[in-house]
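Quick notes on the structure that follows.
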Amino acid sequence: VQLQASGGGLVQTGDSLRLSCTGSGGTFSRHGMGWFRHGPRTDRIFVAAITWSGGTTYYANSVKGRYIISRDNAKNTLYLQMNSLKPEDTAVYYCAAADKGYYNHDVSTDYSYWGQGTLVTVSS
């Protein structure tokens, strides 16, 4: 499956932004999906994940209560609603699809397919 992330941009502290990730070339609905980010001073780290049905979601502690991950399988699209953004949220955000029946949702190497990344910059 090919993934295309979009929606990044430059915002101010406290603003909101919604990222999208559209899948093509495969059966989007069979994949668990995740968002990771790579900041200026961090490696690629887990942000949020969602099961293939959308029934279960997971969040990193740093974004819990501020971010919402969701998906629309009819549109082959994954979303990340980001609220109350902080400068430390500045990063390139990547969407990813898992291709295993069992996987660790917060481990990047357990995901097989990756989007190209979209840059989110939060100014103070």
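The values are calculated or read from the model by the stated rules, or taken from the named source; none is laboratory data. Given the structure is predicted, the values throughout are model-derived calculations rather than measurements. Cβ coordinates were reconstructed from backbone atoms using ideal geometry, including for glycine residues, and neighbour counts include every protein chain displayed. In case anyone asks, the SASA skips ligands and DNA or RNA and just uses the protein heavy atoms, side chains included. Shrake-Rupley method; radii C 1.70, N 1.55, O 1.52, S 1.80 Å.
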task = Report yes if residue 55 is over 11 Å from the mean Cα position of the chain (by Cα) and loosely packed, with under 13 Cβ neighbours inside 10 Å, otherwise no.
result = yes
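Mind checking which residues of region 1-10 are assigned to a strand (DSSP E or B) and either buried (at least 17 other Cβ atoms within 10 Å of the Cβ) or not aliphatic (A, V, I, L, M) (or both)? Before the answer, list the steps.
Step one: of region 1-10, the residues assigned to a strand (DSSP E or B) are 2-6, 9-10.
The answer is 2, 3, 4, 5, 6, 9.
Only one of these is of a type in the set (A, V, I, L, M), open to solvent by less than 50 Å² (accessible area, probe 1.4 Å) and more than 10 Å from the chain's Cα centre (by Cα): 91, 96, 74, 49. Name it.
Details: 96 fails: more than 10 Å from the chain's Cα centre (by Cα); 74 fails: open to solvent by less than 50 Å² (accessible area, probe 1.4 Å); 49 fails: more than 10 Å from the chain's Cα centre (by Cα).
Within the list 91, 96, 74, 49, the selection yields 91.
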key: Members of region 23-46 found to be out of contact with any Leu (no Cβ under 7 Å at 6 or more places or on another chain), assigned to a strand (DSSP E or B) and of a type outside the set (Phe, Trp, Tyr), listed by number   = 24, 34, 37, 38, 44, 45
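Please find, within region 11-26, the residue that is least open to solvent (accessible area, probe 1.4 Å) out of those that are under 18 Å from the mean Cα position of the chain (by Cα) and of a type in the set (S, T, N, Q).
My answer is 20.
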inquiry  = Report every pair of residues separated by at least 6 positions or lying on different chains whose Cβ atoms are under 6 Å apart, first residue within region 105-116 and more than 20 Å from residue 6 (Cβ to Cβ) and in contact (Cβ under 8 Å) with a residue 12 or more places away in the chain, second surrounded by 13 or more Cβ atoms within 10 Å (Cβ to Cβ) and not hydrophobic (A, V, I, L, M, F, W, C).
reply    = 105/58; 108/44; 110/103; 110/104; 112/99
